[in-house]
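Visitor: Pasting a structure below so you can have a look.
The values are calculated or read from the model by the stated rules, or taken from the named source; none is laboratory data. Since we're looking at a predicted model, the values are computed, not measured. Counting neighbours? That spans all protein chains shown, and the Cβs are built from the backbone with ideal geometry, glycine included. Keep in mind that these areas ignore ligands, DNA and RNA; they rest on the heavy atoms of the full protein, side chains included. Shrake-Rupley method; radii C 1.70, N 1.55, O 1.52, S 1.80 Å.
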Amino acid sequence: MIEEETLKSYLKAGESVKKAKKWIERLVKKDVKLKTICEEVESLIVRSGCKPAFPCNICINEIAAHYTPPANSNRLIPDNSLVKIDLGAHSNGFIADTAITVNVSSEEDELITAVNEALANVERELEPNIRVSKISSIIERTIKYYGFKPIVNLAGHQLKQYKLHTGFIIPNVRSIRNMFTRLTPGNAYAIEPFATTKKGKGEVIGRRGGNIYRLVSKRPPKMGFARRIFLEIQRKYKTLPFTTRWLTDLRKKSHFQRAFNHLVEKGYISEYPCMIEVNNQPVAQAEHTFVILEKEVITIT
Ligand code: MN
Ligand code: MN
């Protein structure tokens, strides 16, 4: 069972990202600053009474996931690109996670059709207690039908209060490992098909420099500026992902970077690797969050 208040929070977070998504097609254009788009998406979420559940991700072409521009970035949307915007809002820690891919004059438009259709096909079959393997196989079949490759090492996931990735994963290809795992009532799950071209490896590799982090230690360092940074992150973002772009006041201090690096090196903070297609082929993504009830499934995003 899911508590009424919890469901309300999920629906509120869902409405928030739905509103923000309506603006994305208009925002994402050639020569627009990546940072402008992310800040606009994040502020739309705040204006609808929620908080960003993670920094707005903006991943272009072969970059599949986990990139947000740093505060000093002047990067622009290039021509001929597939632009993935992955956004999340939370209300009281209950998260709505969703993503769309925008085509900026790229010839790989069909990749977007493939992932959108994969997600739509899953949505049509979703029911309480559906097996993970059934979802994976729908995604894999749809993407391959278009002659593309699913990304084998990116997956959907369960969501819990203040936890973006928890429980089991929902792979984009069928695997015998989760034959008996099911999506059970009372829980929320994000399902996110990723596809690349025939020339792609169908696999991503992690690199540094995505500018997305999360707290992994429960205890702050004993003293100093690093402790202050830790406590502010803990108060504002708890266990959810954040970016240094958000730490506006702390970043003004001259010793910020040194103290922040210390927190990363000592394992208080962990950096999400930026995920890149192994053969540098373009990637498209679609994502929705679903809440499973006793007798029905609600698409909240
Ligand atoms: Mn997402
Ligand atoms: Mn997700």
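Visitor: With the requirement that a residue be within 29 Å of residue 51 (Cβ to Cβ), in contact with a helix residue (DSSP H, G or I) (Cβ under 7 Å, 6 or more places away or on another chain) and among the polar types (S, T, N, Q), what does the range 124-181 give you?
Guide: Passing the criteria: only 172.
Visitor: A follow-up question, please. Just to confirm my filter: which strands (runs of 3 or more DSSP E) fall fully inside the range 180-268 and include at least 1 residues that are under 20 Å from residue 159 (Cβ atoms)?
Guide: Qualifying strands (runs of 3 or more DSSP E): 188-191, 194-196, 213-215.
Visitor: Moving on to the next point. Mind checking which residues of the range 65-96 are on the phi > 0 side of the Ramachandran plot and either within 16 Å of ligand 1 (Cβ to nearest atom) or charged (D, E, K, R) (or both)?
Guide: 66
Visitor: Output the residues belonging to the range 230-269 that are closer than 24 Å to residue 42 by Cα, within 24 Å of the chain's Cα centre (by Cα) and open to solvent by less than 30 Å² (accessible area, probe 1.4 Å).
Guide: 230, 233, 240, 241, 242, 243, 244, 245, 247, 260, 269, listed by residue number.
Visitor: Look through the range 125-135, keep the residues that are outside any helix (DSSP H, G or I) and at negative phi, and return whichever of them is surrounded by the fewest Cβ atoms within 10 Å (Cβ to Cβ).
Guide: So, considering only residues that are outside any helix (DSSP H, G or I) and at negative phi, the one surrounded by the fewest Cβ atoms within 10 Å (Cβ to Cβ) is 127.
Visitor: If residue 90 satisfies every condition in (1) in contact with a helix residue (DSSP H, G or I) (Cβ under 8 Å, 6 or more places away or on another chain); (2) more than 14 Å from residue 29 (Cα to Cα); (3) open to solvent by less than 10 Å² (accessible area, probe 1.4 Å) but one, which is the exception?
Guide: All conditions pass for residue 90, except number (3).
Visitor: Could you check how many residues of the range 154-179 are more than 28 Å from residue 238 (Cβ to Cβ) and either in a strand (DSSP E or B) or over 21 Å from the mean Cα position of the chain (by Cα) (or both)?
Guide: Within the range 154-179, residues that are more than 28 Å from residue 238 (Cβ to Cβ) and either in a strand (DSSP E or B) or over 21 Å from the mean Cα position of the chain (by Cα) (or both) number 6.
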